[in-house]
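Beneath this line is the structure, given in structure tokens, with notes to follow.
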Amino acid sequence: MQWLNGSLIHGLWNLVFLFSNLSLVFLMPFAYFFTESEGFVGCKRGVMARVYETAVVLLLLTLLVLGMVWVGVALLNNTARESLYDVWECYLPYLYSAISLFGVLLLLLCTPFGLSRMFSVTGSLLVKPGLLENVEVEMNCATFEEASLSRKLNSGSRSCRTTVDVEPLRMQFLSVQAKRIALQMRRRASPWQRNLFYPLAMLLLLALTVVCVLMVCFHVLELLFDETAMPRGMGDPRLGTASFSMFGSLGAAVQVVLIMYLMVSSVVGFYSSPLFTSLLPHTQDTNLTQIIGNCVSLLVLSSALPVFSRTLGITRFDLLGDFGRYNWLGNFHIVFLYNILFAGLTSACLINTLTWTVQRELIRAFGLHKLPLTVSRTTIPLKLLLANGLSKIQ
């Protein structure tokens, strides 16, 4: 394993960094313009005609952007010859820094929301205990609803309804049928799955989130008392000679797990936010423009993830690529404010999610969700609540 050294890893990572940004800046716009192109007028229709038109449009757009940047730099510096050199050597690489900064800000908004959403997403995939979920009742309701929709579809086909009237009923029938099949599979779950996996999964998610917040808080204290805690101030030791964690191999393994957890949480939070729910892909119902939008979004998030992990102090390993050349990573106020905002937003989202989840599950466990809206749940006597809850448990 002597060939596996730090220069090899950083060299390969810089190549990944380069080609991911090339994909983001050139290949994704090329794919979008290709979907909109039809070929030049007078040319033979075909794929190559669309490729030629897309290449010309992308070249004109690149020249337009570079020309605007060159003119702007020339107006600021008053020297056109030096400004052309600055565009190629200095200002063009700052485009990567702008992409990184945008991705890091996007992660700041999506990751805390995703950390709170992970509980509900995981809970929807696992079988809940009988105290929190009555699968039998839900399955009976789904069966009755499926039978009712089936009768409506049969009566609609006999009465020769239009396709526009039948299509919503058919989609609703397929949705209820899928729900009924899922509930049937959940009912067959073993007692171990029902009573053990769900609490363990919730405790594991809670432990990972708390550890992540504690590490960020500890990094905030490091920023106040240690200058080497800055993302640009931490020098990497030689690979293999010292551990990147004070807890050795166990700490490094925890860092890897936390980074993967943050990655999944950021994707969940991104697709759960109201601004980006339209990008969520659907089975056999996703056009090519949405696919390109998803690729661009994942590229931005993944390219900013190393900067995100390094800025929060989750890891001390340098995988910043060319992002580490820019000054905003060495600004104490920006890094300190970023850590404070992440810890505050994550704590607020976590507390809000836990309180609402506990309240919702208690309401369902006591059967209060079946009460009419005109009845105020706060006016129900405590003895009645306890009696109803004990009857549900029994």
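The values are calculated or read from the model by the stated rules, or taken from the named source; none is laboratory data. The shown structure was predicted, so the numbers you read here are calculated from the model rather than taken from an experiment. Cβ placement follows ideal geometry from the backbone for every residue including glycine, while neighbour counts extend to all protein chains displayed. Accessible surface is based on the protein model in full, side chains and every heavy atom, while ligands, DNA and RNA are left aside. Shrake-Rupley method; radii C 1.70, N 1.55, O 1.52, S 1.80 Å.
Multiply the residue separation of residue 12 and residue 285 by 0.36 nm, subtract the distance between their alpha-carbon atoms, and state the gained length in nm to one decimal.
Details: separation 273, 0.36 × 273 = 98.28 nm, distance 3.67 nm.
My answer for the length gained is 94.6 nm.
What shape does region 1-81 take by its C-alpha gyration tensor, where a ≥ b ≥ c are the square roots of the eigenvalues and a/c under 1.5 counts as rounded, a/b above b/c as prolate, and the rest as oblate?
Because a/c hits 1.5 or more and a/b fails to exceed b/c, region 1-81 counts as oblate.
Rank 271, 52 by accessible area, highest first, at a 1.4 Å probe radius?
Order by accessible area, largest first: 52, 271.
For an R0 of 25 angstrom, estimate the FRET efficiency from the Cβ-Cβ distance between residue 225 and residue 354 and round to the nearest 0.05. Intermediate results must be reported in sequence, preceding the final value.
Values: r = 32 Å, r/R0 = 1.27.
After rounding, the FRET efficiency stands at 0.20.
By how many nm would the segment from residue 25 to residue 184 grow when fully extended, if each residue of separation counts as 0.36 nm and the alpha-carbon distance is taken off?
Contour length minus Cα-Cα distance gives 52.5 nm.
What list of ³J(HN,Hα) values in whole Hz, one per residue of region 288-299 in order, does the Karplus curve 6.51 cos²θ - 1.76 cosθ + 1.60 (θ = phi - 60°) give from phi, with Gly and Pro shown as x?
Karplus-based 3J(HN,Hα) across region 288-299 equals 5, 5, 5, 5, 5, x, 5, 5, 4, 5, 5, 5 Hz.
If I stretch the segment between residue 140 and residue 203 completely, what's the gain in nm (0.36 nm per residue apart, minus their alpha carbon distance), one decimal?
Gain on stretching residue 140 to residue 203: 19.6 nm.
Take 190, 100 and sort them by solvent-accessible surface of the protein heavy atoms, 1.4 Å probe, largest at the top.
Sorted by accessible area, descending: 190, 100.
Treat each spin label as a single point 7 Å out from the Cα along the C-beta direction, and report the residue 277 to residue 177 distance in nm.
Inter-label distance under the simple model: 2.7 nm.
Where does each of 209, 353, 283 land when they are ordered by accessible area, with a 1.4 Å probe and the largest first?
So the residues, ranked largest to smallest area, are 283, 353, 209.
Which part of region 36-54 falls in the paramagnetic zone of residue 60, meaning amide N under 14 Å from the point 7 Å along Cα-to-beta-carbon?
Zone members listed by number: 37-41, 52-54.
What is the distance, in nm, between label points placed 7 Å from the Cα along the Cα-to-Cβ direction at residue 167 and at residue 126?
Result for the modelled spin labels: 4.1 nm.
Can you pull the one-decimal nm distance between simple spin-label points at residue 211 and residue 340, each 7 Å off the Cα toward Cβ?
Result: 2.8 nm between the two label points.
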